[in-house]
Amino acid sequence: MSLKIRHLEVFNALYDAGSVSNAAQRLNLTQPAVSIALGNLEEELGFRLFHRNRGFFAPTGEAVQLRGEITQGLMALARVDQRADEIRQGWAGGLSIATNGALAMNFLPRIIAMFQADYPGTHIELRVHSSRQIADWAASGQIDIGLIDTPVPVAGLESEVFAMECVCIMRADDPLAAQHRITPACLAGRGLIGVNGDHVVDRQLKRLAAEAEVTLRYRAFSYYYAIARSMVAAGGGLSIIDPINGTADLDDGVVWRPFAPQVQHETAMITSRDHPPGQSLTAMQDYIRRHIAPYGTRTDTNAPCRD
């Protein structure tokens, strides 16, 4: 089998765009060129990738199965091209960092800015994706540093775990803002914004509420702590989130209070065991450790990774 990069790019563009015309425009190709490339790819693979219906292209089941592999392959090639560009331009080095969202908005942008002030030649890429995908990227060397929720879902990684005590956030004009500490009993009858319903923080809170014989009432789920905070700021209710996003001074009318009994959020910093760290990677790890320290404690180093 002899797959061409252009064929894979055409597949991705068609998958996203849904039509030959849109894919051609995205790739700066003619429509016949897109159609020919798709036909060649399907012939090479031995099965159809899209259902054609009045100009609209819907992916087949086989295409859905291939999508992840093709996307990762193209990203790996783009990474090679980026590294080569860094070398040509004489950059001191490049770093790629990925996080699942907990640290993407109110932590890493500030850390990256400070790091580049001290290491002005370093080019940094920040990605946001699921913990599982980030672990796969780190294990295969497609990223340098991952920051994910525990447990670490992939083997072959070095990991450091940081445990942080979650806080309860609310609007400053909320009656609960007068409390010095929030307990499960304070949540009775209140609308809550959860993470995703089955997140480790949600599960801890549900267990504590059950022990206190309190029924929780969820209004919404946010998937990202920073979004939960924005929903609280808009009047959406209360939320139990990590201290980095919870205690950030954003001038958005949101205040935080300690929550007891303790609800913990754990972040793991992961790197590949098979790719020795360079100077810039080691320096960035030190930056992350130093600036995450005020929010929690490092509880585990090189934790066993779970398949």
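The values are calculated or read from the model by the stated rules, or taken from the named source; none is laboratory data. Small disclaimer: the values here were computed from a predicted structure and weren't measured. Don't worry about glycine lacking a Cβ; one is built from the backbone with ideal geometry, like all the others, and counts go over all protein chains shown. Remember, those area values only see protein heavy atoms, side chains included, never the ligands or the DNA or RNA. Shrake-Rupley method; radii C 1.70, N 1.55, O 1.52, S 1.80 Å.
If you go through region 209-225 and keep only what is assigned to a helix (DSSP H, G or I) and either open to solvent by 10 Å² or more (accessible area, probe 1.4 Å) or among the hydroxyl-bearing types (Ser, Thr, Tyr) (or both), you end up with ALA210, GLU211, TYR225. Within region 53-76, residues that are modelled with pLDDT of 85 or more have Cβ atoms under 6 Å from residues that are open to solvent by 60 Å² or more (accessible area, probe 1.4 Å) and in a strand (DSSP E or B) in these pairs: ALA58/HIS51, counting only partners at least 6 apart in sequence or on another chain.
Answer yes if at least one residue in region 243-262 is of a type in the set (D, E, K, R), assigned to a strand (DSSP E or B) and exposed (fewer than 14 other Cβ atoms within 10 Å of the Cβ), and no otherwise. Scanning region 243-262 turns up no residue that is of a type in the set (D, E, K, R), assigned to a strand (DSSP E or B) and exposed (fewer than 14 other Cβ atoms within 10 Å of the Cβ). Would you be able to say whether some residue in region 121-128 is under 17 Å from PHE259 (Cβ atoms) and either open to solvent by less than 60 Å² (accessible area, probe 1.4 Å) or at pLDDT 95 or above (or both)? For region 121-128, residues under 17 Å from PHE259 (Cβ atoms) and either open to solvent by less than 60 Å² (accessible area, probe 1.4 Å) or at pLDDT 95 or above (or both): absent.
The test for being over 12 Å from TYR15 (Cα atoms), open to solvent by less than 40 Å² (accessible area, probe 1.4 Å) and without any contact (Cβ under 8 Å) to a residue 24 or more places away in the chain holds for GLY39. Within region 12-29, at least one residue is closer than 27 Å to GLN133 by Cβ, within 29 Å of the chain's Cα centre (by Cα), open to solvent by 30 Å² or more (accessible area, probe 1.4 Å) and aromatic (Phe, Trp, Tyr). Checking ALA84, ALA98 one by one, the residue that is part of a strand (DSSP E or B), open to solvent by less than 40 Å² (accessible area, probe 1.4 Å) and either free of Cβ contacts under 8 Å to residues at least 24 places away in the same chain or under 30 Å from ILE124 (Cβ atoms) (or both) is ALA98 and no other.
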